[in-house]
């Protein structure tokens, strides 16, 4: 399991774990919660969404909006290729590999129902596990903008789940501002 090699860790439940392994587990849990009968390709795409992300660090691109977008575009291609290589190595057929890669590249989003599930799961992982930390070190307007973008990508099912999450007072206020325009 490639993500178990992540040198970056995140502590959860008092235990330090490889960050991208934890991310893949959380993303998979959300995919299965949103779509209990998720296809194997969708489950594999969730596991490979951030595969080996540490190999292309954010600081290797300019710390500008354009640099960020370039980094994200490069990561999508990298994750798709890496997942395809691993799946090919362990014997998956080409049609499954293509499907996983299409999901990782977000092809046919939002028209593809499985890409909608994956996007909802991505947004829900952000809201549940990353939002509070990012909000603590970001300006309110930046967070309101990020929340609006995330909300705009989510389906009604994803939004319903998001509203069930437990947010702190500041996060609730930011979400309220984002949703009420």
Practice problem: Being closer than 21 Å to residue 162 by Cα and part of a loop (DSSP other than H, G, I, E, B) is the filter here, so list the residues in segment 1-43 that pass it. | Solution: 35, 36, 37, 38
Quiz prompt | Filter result for the condition that a residue is outside the structural domain of residue 174 (by TED's automatic domain parsing) and either under 17 Å from the mean Cα position of the chain (by Cα) or under 17 Å from residue 161 (Cα atoms) (or both), over 133, 95, 102 | solution = 102
Exercise. Give segment 121-142 a look and list any residue that's assigned to a loop (DSSP other than H, G, I, E, B) and touching a residue at least 24 places away in the same chain (Cβ under 8 Å), or say none.
Key: none
Quiz item: Here are 159, 88: which of them is assigned to a helix (DSSP H, G or I), touching a helix residue (DSSP H, G or I) at 6+ places or on another chain (Cβ under 8 Å) and within 18 Å of residue 43 (Cα to Cα)?
Solution: 88
Self-check item: Exclusive hit being out of contact with any helix residue (DSSP H, G or I) (no Cβ under 8 Å at 6 or more places or on another chain) and farther than 23 Å from residue 105 by Cβ, set 18, 57, 7, 36
Solution: 36
Exercise. Could you list all residues from segment 91-105 that are in a helix (DSSP H, G or I) and either surrounded by 12 or more Cβ atoms within 10 Å (Cβ to Cβ) or at pLDDT below 95 (or both)?
Key: 96, 97, 98, 99, 100, 101, 102, 103, 104
Self-check item: Residue that is surrounded by the most Cβ atoms within 10 Å (Cβ to Cβ) [pool: residues in segment 8-32 that are out of contact with any strand residue (DSSP E or B) (no Cβ under 8 Å at 6 or more places or on another chain) and over 23 Å from residue 97 (Cα atoms)]
Solution: 12
Exercise. Please tell me if residue 118 is in contact (Cβ under 8 Å) with a residue 12 or more places away in the chain, closer than 19 Å to residue 33 by Cβ and in a helix (DSSP H, G or I).
Key: yes
Quiz prompt | Residue list for segment 144-166, filter: surrounded by fewer than 16 Cβ atoms within 10 Å (Cβ to Cβ) and more than 17 Å from the chain's Cα centre (by Cα) | solution = 145, 156, 160, 163, 164, 166
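The values are calculated or read from the model by the stated rules, or taken from the named source; none is laboratory data. Note that the structure is predicted; figures quoted are calculated from it, not measured. Note that we place each Cβ from the backbone using ideal geometry, even for glycine, and neighbour counts take in every protein chain shown.
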